[in-house]
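Before any comments, here is the structure.
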Amino acid sequence: MKTVLLTGAAGDVGSHLRRELAGRYRLRLSDRKAVTNLGANEEFVQADIAVMEQVGRLMRGVDAIVHLGGFSVEGPWEAIHEANIVGCYNVFEAARANGVKRILFATSNHAVGFYRRDETIDHRVYPRPDSRYGVSKVFGEALGSLYADKYGMEVFNMRIGNVNPRPIDKRRLSIWISPRDLAQLVTIGIEHPDIRFEVVYGVSGNRRSWYDNSNAARLGYKPQDDSEGYAAEVLAAEKPGADPRTEAYQGGTFVVIEK
Ligand code: 15L
């Protein structure tokens, strides 16, 4: 059984993945916050990814890293810098130094949030971040590119939409990913024999998707879910946004938010 390090394991996405991946991998869970209720094949190692020595201690015996840790929305630059720039660097560098080749990086739809909703974008588009948070995700993707090209690491970038048991609003009908589809994508990222540097969209098979996710399909991704079944209910509850830009761009409120 492979040992997989999950950073940011105390968060929502981490909790969904723990449940979905249970029994498939030995999971080393890490976070600044304690993770309780450990299952069989789970261990917890507390670490702050902004501190290199603490990150180094996570790497022993690890076959793949699923790097979810960091600041997960728009916020003050200092917090984003510490968690998503310094922290992300520390994870890639500690992996390289300890011979861990494979990293699955949880990047975000906000790395490309300034594309318009009437465009369909694929994995080759130039990044258009919609926030400082989005910029930090572009940084992580660029770091992955460097570590793949320079050090032969195997980097699987998942531009994740919104992970939830069900889509929560109109924008999320286009970017929703169910926990089981995310688990399928993560499993491909861990197991596929031929990963060098890949960008895929972490979304279910939504009819309303803004993405051409053919790179994920090429690697074997066959999403089981589609947000369309929830569309009528979600749209009936939708309130109009205050700023028309939030409707025009894929990133929604992130394109205007100033925190
Ligand atoms: C993200 O990248 C965030 O991590 C998550 O909290 C959501 O805000 C999501 O994007 C989204 O766009 O819904």
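The values are calculated or read from the model by the stated rules, or taken from the named source; none is laboratory data. Note that the structure is a prediction, hence the values are computed from the model and not measured. FYI the Cβ positions are ideal-geometry reconstructions off the backbone, even for glycines, and counts take in every protein chain you see. These area figures cover heavy atoms from the full protein model, side chains too; ligands, DNA and RNA do not enter into them. Shrake-Rupley method; radii C 1.70, N 1.55, O 1.52, S 1.80 Å.
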**Members of the range 178-209 found to be in contact (Cβ under 8 Å) with a residue 40 or more places away in the chain, within 16 Å of the ligand (Cβ to nearest atom) and of a type outside the set (Ser, Thr, Tyr), listed by number** = PRO179, ASP181, LEU182, VAL186, VAL199, VAL200, GLY202, VAL203
**Request:** Look at GLY113 and say whether it is within 30 Å of THR3 (Cβ to Cβ) and within 13 Å of the ligand (Cβ to nearest atom).
**Result:** no
**Prompt:** Out of (1) touching a residue at least 60 places away in the same chain (Cβ under 8 Å); (2) more than 16 Å from the ligand (Cβ to nearest atom); (3) surrounded by 17 or more Cβ atoms within 10 Å (Cβ to Cβ), what's the single condition that is false for ALA95?
**Reply:** (1)
**Request:** Quick one: count up the residues across the range 181-219 that are open to solvent by less than 20 Å² (accessible area, probe 1.4 Å) and under 16 Å from LEU21 (Cβ atoms).
**Result:** 8
**Item:** helices (runs of 4 or more DSSP H) contained entirely in the range 172-254, each with at least 1 residues that are over 22 Å from HIS67 (Cβ atoms)
**Value:** 214-218, 231-236, 244-248
**Complete:** A careful count of residues in the range 222-247 that are without any contact (Cβ under 8 Å) to a residue 40 or more places away in the chain and closer than 30 Å to ASP149 by Cα gives 1
**Message:** Please verify whether ALA79 is surrounded by fewer than 22 Cβ atoms within 10 Å (Cβ to Cβ), over 20 Å from PRO129 (Cβ atoms) and of a type in the set (Gly, Ala, Ser), treating the condition exactly as stated.
**Reply:** no
**Request:** With respect to ARG32, determine if the residue is out of contact with any Leu (no Cβ under 8 Å at 6 or more places or on another chain), open to solvent by 60 Å² or more (accessible area, probe 1.4 Å) and over 17 Å from PHE71 (Cα atoms).
**Result:** no
**Request:** For GLN54, state whether it is open to solvent by less than 60 Å² (accessible area, probe 1.4 Å), over 15 Å from LEU104 (Cβ atoms) and of a type in the set (S, T, N, Q).
**Result:** yes
**Request:** Could you run through the range 220-238 and say how many residues are buried (at least 18 other Cβ atoms within 10 Å of the Cβ) and touching a Pro at 6+ places or on another chain (Cβ under 7 Å)?
**Result:** 2
**Message:** Quick test for you: out of SER72, SER108, pick the one residue that is open to solvent by less than 10 Å² (accessible area, probe 1.4 Å) and either within 19 Å of the chain's Cα centre (by Cα) or farther than 30 Å from ARG207 by Cα (or both).
**Reply:** SER108
